[in-house]
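Since the structure comes first, as structure tokens, the remarks are kept for the end.
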Amino acid sequence: MPTQPNADLHCHSVVSDGTLTPEALAERARANGVTLWALTDHDEIGGQHRAMAAAAAQGMAYLTGVEISVTFIGATVHIVGLGFDPDDARLQQGLAATRGGRGERAQEMAEQLARVGIRDAYEGALRYVGNPELISRTHFARFLVETGVCRDTSEVFRRFLTEGKPGYVPHRWAALGDAVRWITEAGGMAVIAHPARYRFSATEEYALFSEFRQHGGRGVEVVTGSHTAAEYITYAGVAQEFGLAASRGSDFHSPQESHTDLGALPPLPGTLTPVWDLLADRVRQPAA
């Protein structure tokens with residue numbers, strides 16, 4: 001059995017809600033032994049050409065990436081796209097439409113926080129935003145830590161910004177079928193991100209994977225920063241049940257906030273088909 005590359009196909013830069021530039025991420029990934037990398041900013045591919053150039057400068061192979069927010073049975077699910085054409089117009093238009101509601105949602109979040117005595121949260125969150133179109137709960141969380149309301153971002157999400165807590169405002173994202181189609185029509189592969197994070201019943205999860213497959217989705221993150229070792233095995237089984245390729249990625253956002261660093265995950269388990277095998281013709285190899 002050939003040795004797997006140290007692939008990290010899920011992380012975020014300042015272009016969405018990470019704290020490092022694409023160039024700094026590439027440098028950190030290479031220093032940690034990553035040999036195949038993808039930058040997967042939320043609903044945004046504006047950092048892709050920078051990431052490609054940075055990967056080449058570090059001698060790493062690269063796959064284009066994005067993480068698209070979708071609404072499925074009333075919940076937010078994330079779909080990672082890998083290996084697509086970053087200049088595809090329909091993908092760019094779809095992502096722009098998905099980003100469109102974030103600003104209004106952020107204003108509503110700030111209004112809710114003001115009602116519990118936390119003022120100027122919108123302006124505070126903006127200080128952490130590299131791209132105002134992509135203002136998110138993460139930026140509000142950093143503001144609440146900076147101002148001493150909470151000790152860390154984990155406490156923020158225990159007390160605020162999640163369902164039933166002050167500052168939570170739901171948002172209707174793209175439809176699952178639309179996101180998968182944008183990715184596949186741009187020449188890429190759609191992958192369900194960190195499936196253990198969704199609080200679905202067994203029936204709901206089966207519906208997610210079944211519909212995803214019907215729309216042309218082809219992969220699932222098996223080894224990822226938020227999965228336990230037991231969940232690696234669970235989703236290896238799901239990948240085999242649904243005939244999906246397996247992906248691997250840290251979901252790294254920040255040296256201060258992320259408990260799993262770039263390149264630090266174990267290999268994919270068992271006899272799964274890695275996504276990079278199916279995307280071999282889409283991998284951008286560094287110059288010899």
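Output the residue which, of all residues in the stretch 44-61 that are assigned to a loop (DSSP other than H, G, I, E, B) and touching a strand residue (DSSP E or B) at 6+ places or on another chain (Cβ under 6 Å), is nearest to PRO86 (Cα to Cα). If we take residues in the stretch 44-61 being assigned to a loop (DSSP other than H, G, I, E, B) and touching a strand residue (DSSP E or B) at 6+ places or on another chain (Cβ under 6 Å), then ILE45 is nearest to PRO86 (Cα to Cα). The condition of being in contact (Cβ under 8 Å) with a residue 24 or more places away in the chain and either farther than 30 Å from THR234 by Cα or surrounded by fewer than 16 Cβ atoms within 10 Å (Cβ to Cβ) (or both) holds for only one of ILE135, ILE192, that being ILE135. The residues listed here are VAL129, VAL145; of these, the one that is without any contact (Cβ under 8 Å) to a residue 12 or more places away in the chain, open to solvent by 30 Å² or more (accessible area, probe 1.4 Å) and at negative phi is VAL145.
In the set LEU63, LEU82, LEU144, which member is at pLDDT 95 or above and in contact with a Cys (Cβ under 7 Å, 6 or more places away or on another chain)? Don't jump to the end; show me each part of the working.
Numbers: LEU63 fails: in contact with a Cys (Cβ under 7 Å, 6 or more places away or on another chain); LEU82 fails: in contact with a Cys (Cβ under 7 Å, 6 or more places away or on another chain).
Answer to the selection: LEU144.
Residues are listed down the side, and each one gets a yes or a no for (1) open to solvent by 70 Å² or more (accessible area, probe 1.4 Å); (2) more than 22 Å from PRO86 (Cα to Cα); (3) at pLDDT 95 or above:
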position: PHE242; (1), (2), (3): no, yes, yes
position: PRO255; (1), (2), (3): no, yes, no
position: ASP281; (1), (2), (3): yes, no, yes
position: ARG284; (1), (2), (3): yes, no, yes
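Kindly establish whether ALA24 is within 19 Å of ASN131 (Cα to Cα), free of Cβ contacts under 8 Å to residues at least 12 places away in the same chain and either in contact with a strand residue (DSSP E or B) (Cβ under 6 Å, 6 or more places away or on another chain) or hydrophobic (A, V, I, L, M, F, W, C) (or both). Write out each step before concluding.
Numbers: within 19 Å of ASN131 (Cα to Cα): yes; free of Cβ contacts under 8 Å to residues at least 12 places away in the same chain: yes; either in contact with a strand residue (DSSP E or B) (Cβ under 6 Å, 6 or more places away or on another chain) or hydrophobic (A, V, I, L, M, F, W, C) (or both): yes.
Answer is yes for this residue.
Listed residues VAL191, VAL180; which is in contact with a strand residue (DSSP E or B) (Cβ under 8 Å, 6 or more places away or on another chain), in a strand (DSSP E or B) and β-branched (Val, Ile, Thr)?
On the way: VAL180 fails: in a strand (DSSP E or B).
Only one candidate qualifies: VAL191.
Beta carbons closer than 8 Å, at least 6 apart along the sequence or on distinct chains, pair a first residue in the stretch 219-246 that is assigned to a strand (DSSP E or B) with a second that is of a type in the set (Lys, Arg) for GLU221/ARG248; VAL222/ARG248; VAL223/ARG248; THR224/ARG248; ALA245/ARG218.
Filter the stretch 184-237 down to the residues that are at positive phi and touching a Lys or Arg at 6+ places or on another chain (Cβ under 9 Å) and list them by number.
GLY187, GLY216
Starting from the stretch 49-73, take each residue that is closer than 14 Å to CYS11 by Cα and among the basic types (Lys, Arg) and list its partners that are part of a helix (DSSP H, G or I) and open to solvent by 10 Å² or more (accessible area, probe 1.4 Å), counting only C-beta distances under 6 angstrom and pairs at least six apart or across chains. Close Cβ pairs (under 6 Å, with a partner that is part of a helix (DSSP H, G or I) and open to solvent by 10 Å² or more (accessible area, probe 1.4 Å)) do not exist here.
Of everything listed in (1) under 21 Å from GLN240 (Cβ atoms); (2) surrounded by 15 or more Cβ atoms within 10 Å (Cβ to Cβ), the single unmet condition for SER210 is (2).
The values are calculated or read from the model by the stated rules, or taken from the named source; none is laboratory data. Note that the structure is predicted; figures quoted are calculated from it, not measured. Heads up, the Cβs are rebuilt from the backbone with ideal geometry, glycines too, and the neighbour counts pull from every protein chain shown. SASA here: full protein model, heavy atoms, side chains in, ligands and nucleic acids out. Shrake-Rupley method; radii C 1.70, N 1.55, O 1.52, S 1.80 Å.
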